[in-house]
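Following: one structure in structure tokens, then a few remarks.
Just so it is clear, none of the values below were taken in a lab; they were calculated from the coordinates. These numbers come from a predicted model, not from an experiment. We place every Cβ from the backbone using ideal geometry, glycine too, and count neighbours over all the protein chains shown.
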Amino acid sequence: MTNLKVPFVNLASAYKNDAHAISIAIEEIGNSGQYILGSKVKTFEEEFATYIGTKYAVGVANGSDALFLIMKALGIGPGDEVITQPNSFIASAWTIVATGATPIFCEVDETLGMDPEHLSKLITPRTKAVMPVHLTGNPVKIDVIQELLAGTGIEIIEDAAQSVGAKFNGQRVGSFGIAAMFSLHPLKNLGVIGDGGVVTTNSDKMYNKLLRLRNHGLIDRDHCEIWGYNSRLDELQAAVASIRLSKLDTNTARVRKIAKKYSTELEGLVITPKSYGGSDPVFHNYIIHTEYRDALQSYLHAVGVDTKIHYPVPIHLQECAKHLGYKVGSFPICEYQSTNSVSLPIYPELSDKQVETVIAEIKNFFKTVP
Amino acid sequence: MSKNFLLSQYENDKKFSVQHNYLEQQFSDKDIILEKIKEVVTRGDFTLGREVDKLEEAFAQLVGAKHAIGVGSGTDAIFLSLRALDLQLGDEVITTSFTFYATIGAIVTAGGTPVFCDVEEDFNISIAGIKKLITDKTKAIVPVHWTGRPCEMNEMMEISEEFGIPIIEDACHSILAEYHGRRTGTFGITGCFSFHPLKNLNIWGDGGIITTNSDEMNAKIRLLRNHGLTDRDHCEIFGYNSRLDTIQAVVANHLLGKIHSITDARIDHANYLDRGLSEVPGIRIPHRVDTIKEVFHIYSFMAENRDALGLFLRENGIDAKIHYPIPMHLQPAAQYLNYKKGDFPMAENAANRTISLPVHEFVELKDLDFMISKVKEFYSDDKP
């Protein structure tokens, strides 16, 4: 869609800014001969751990693998239950299935995060971990969840795929549970130019296990301690991640400014994003809710404003989840959100003029509804 | 306290005058590739984009298969093939003990129990051995075309047909290798290739590709590699995330144009070493057969006093490697399978006695002569 006044993403302009640095990085990788898990990955891991405020960070092939490997490191498998949210991206569920465990879905609340009250009813002797999702970069009620699980032995794995930089009570998400997963997918706030992911953890045991699991279970070139996986962050992508991490706070500030503007102008017309007290979201997506969602989306599309829906079919109603026994009505709030939500364009490169256009067109649309 | 052992390995590798690693030379002309990457990124085409489509088409044609599917790595190629066969927990998968860890990791990750088989003189899985290992639980056989030398595929396919057990070819070493004129990766239900940076066809990170003649496997693997999604909003089966990066496909497409010359160079270098080393006492070169085409991802041979030879060669600046010193059934990871030393004498002998020399396309004639002379020197009586 080249005639769009406001495209949903603009990855090309982000790349143009970084092209020179990326070219130098590729040259360095070629010259060093460090093609897999070399110094670029090491540097990024150190920078990222420092940024999040954890002892360790471990680069892996993608965000999904990050979740999968954390669960494997915890020994989660057949017969175990892991609780996650039905309004997330599908990977939040399939990674659980891939370990052999059963995904259990929990209702969400106005933050789009896990509803702690519903969570408390889902815990069984088989529950091994809870995976709250900081969806759109909006922190879940992590303190309540922590309190609920304290002393139970059930681990918290933060699905922080969309929330690099987000904080709760001044502490960055990704540092609250036993481990957290971040995605470096190109569309993420900290995105690379292909697939990539990273795990953060304060646990020495988790860290050491992940180092083996991501690289064939090897303790050195000739000794395989456990049958592992191949899930490594490419050197090239690690170099891009480092370049972009240095610009992340500036970009986040810009995105927050856009979100504030949207909220100020649109509150009352639509339901704007709601955050939990003490949290500081990073707006990977800016999701509004309105009963006129479909009409609004068509209108905006017609006037050149691209929007998306994250996501129109919740996981528990997907074909792949049929055998899990959920049905329409299992999660009323989640289902309400999936039929009423729409995501507005939000990224650092979005100009003030484009933001004004989005707001003006939404206001124009609502003049036409009763 | 990083336990990433690869970092020290890289530093060590750089010290040799005849290196195993050739990335510096190979990517001296990276600007052409960078320009293309720029195009891809400007389009916002990061995952499973047009360059991946283009590579898949070209690769299928190159190998002679109906379909090719780009995935995250060679390991994932084997894993996804087994998942597409709906392997159930406890199903048995017969494979060779003389391979790289990934073959086994993929089987175990897919839920299978690896059943190890011994090798023959050519270091490849023993056909007679396979037959004895087949049970009701056997769901697949994963032969490895080790070093780029094809397995006995006629006999392998006879077993497959007789017992109705699918073959998944681990062809990570064997791009363009041929068995009776037919390329590896076209015999089994799938062929699994790796684009790891030191493979014959390599990229700048991890990547792999699956070949298949089966429409069903093709459709299923395409779903599995991308979260089980039929489109952005619909998930048909719980899948995985294992995609070849678009920018890595750019690199692969670039090198695909050179794969014949890369392969020919490796074969020439191997032949040269064969001639130079065949008469050396203490060395046994694998018997070469003219019904197969080996592509020498690894050039290895049996050597008496192997470890001392390796040390001597490395002291002389030659990056001689061992691929690999401990067979899979004797790895700590295999303990639960209850194998023991002596179970697979041929594999154990190969692990104890083989050594590998660099034969990649950037090895020069003088390097080959140097390697031959140093090996000869080691076995001569007047060694210093």
Per-residue ellipticity at 222 nm for the protein assembly as shown, helices alone: DSSP H runs ≥ 4 residues times -39500 (n - 2.57), over residue total, nearest 500 deg cm²/dmol?
-12000 deg cm²/dmol
Under 20 °C and 1.002 mPa s, how fast does the range B:173-222 diffuse according to Stokes-Einstein, given a Kirkwood radius computed over C-alpha pairs? Answer in µm²/s, whole number.
182
Square roots of five times the C-alpha gyration tensor eigenvalues of the range A:109-178, ordered largest first and given in whole Å, equal 20, 13, 10
Distance between modelled label sites at A:Lys327 and A:Ala295, nm, 7 Å Cα→Cβ extension
3.2
Inverting the mean 1/r over all pairs of different Cα atoms, compute the Kirkwood radius of chain B and quote it in Å.
21.6
What is the mean projected area of the alpha carbon convex hull for the range A:255-370, to one decimal in square nanometres?
8.8
Report, as an integer, the average count of C-beta atoms from other chains found within 10 Å of each Cβ along B:101-110.
5
Reachable lysines from A:Lys257, Cα under 25 Å, same-chain residues fewer than 8 places away excluded?
A:Lys5, A:Lys16, A:Lys141, A:Lys167, A:Lys188, A:Lys247, A:Lys274, A:Lys308, A:Lys353, A:Lys363
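Nothing charged except the Cβ atoms of Lys and Arg (+1) and of Asp and Glu (-1): what's the magnitude of the dipole of the protein assembly as shown about its Cα centre? Round to the nearest 20 debye.
I would put it at about 1360 debye.
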From the residues A:Ile243, B:Phe301, A:Phe168, which one has its Cα farthest along the dipole of the protein assembly as shown in the positive direction, the dipole being from +1 and -1 charges on Cβ of Lys/Arg and Asp/Glu about the Cα centre?
A:Phe168
How about B:Lys321: which lysines have a C-alpha closer than 21 Å to its C-alpha, ignoring those fewer than 8 places off in the same chain?
B:Lys14, B:Lys15, B:Lys199, B:Lys366, B:Lys374, B:Lys376
For chain B, the charge dipole (Cβ of Lys, Arg +1; Cβ of Asp, Glu -1; about the Cα centre) points to a positive end, and the Cα of B:Phe312, B:Gly342, B:Tyr179 closest to that extreme belongs to B:Phe312
Extent along principal axes [Cα atoms of chain A; Å; largest to smallest]
70, 53, 38
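Can you list which of the DSSP-assigned H helices in chain A have a Cα extent of 18 Å or more along the long axis and an average Kyte-Doolittle score of at least 1.0? Could the numbers behind the result be given before it?
On the way: long enough: A:11-32 (29 Å, 0.10); A:39-52 (20 Å, -0.41); A:248-266 (26 Å, -0.82); A:352-368 (25 Å, -0.34).
Result, helices passing both filters: zero.
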What does the charge dipole of the range A:162-227 about its Cα centre add up to, to the nearest 20 debye, if the Cβ of each Lys and Arg holds +1 and the Cβ of each Asp and Glu holds -1?
260
How large is the translational diffusion coefficient of the range B:234-384 in µm² per second when you combine the Kirkwood radius over alpha carbon pairs with Stokes-Einstein at 4 °C and 1.567 mPa s?
71
Toward the positive end of the charge dipole of chain B, about the Cα centre and with charges on Cβ (Lys, Arg +1; Asp, Glu -1), which of B:Ile125, B:Leu368, B:Asn241 goes farthest?
B:Asn241
With charges set only on the Cβ (+1 for Lys and Arg, -1 for Asp and Glu), what does the dipole of the range B:109-262 come to about its Cα centre, in debye to the nearest 20?
460
Report, in whole Å, the centroid distance computed from the Cα atoms of the range A:155-203 and the range A:349-370.
32
Which residues qualify? For A:Asn230, with a placed amide H closer than 5 Å and at least 5 residues away or on another chain, they are A:His216
Relative to the compact globular guide of 2.2 N^0.38 Å, what is the alpha carbon radius of gyration of the range A:114-266, as a ratio?
1.19
Taking Cα centroids, how far is the range B:229-280 from the range B:292-354 in Å?
24
How large is ³J(HN,Hα) for each residue in the range B:221-235, as worked out from phi by the Karplus curve 6.51 cos²θ - 1.76 cosθ + 1.60 (θ = phi - 60°), to whole Hz, x for Gly and Pro?
5, 4, 5, 4, 6, 10, 6, x, 7, 8, 8, 4, 10, 10, 10
Using a 10 Å cut-off on Cβ to Cβ distances, tally the other chain neighbours for every residue of A:16-26 and report the average as a whole number.
3
Space enclosed by the convex hull of the alpha-carbon atoms of the range B:297-384, per residue, Å³
113
Ratio Rg/Rh, restricted to the range B:1-118 and using Cα atoms, in which Rh is the Kirkwood radius:
1.05
Mind jotting down a quarter of the surface of the convex hull over the alpha carbons of the protein assembly as shown, in square nanometres, one decimal?
32.0
Under Karplus coefficients 6.51, -1.76 and 1.60, residue-wise ³J(HN,Hα) of the range B:298-307 in Hz, glycine/proline x:
10, 9, 10, 8, 8, 9, 5, 6, 4, 5
Looking at chain B, send over the antiparallel percent of its DSSP beta bridges, to the nearest 5.
60
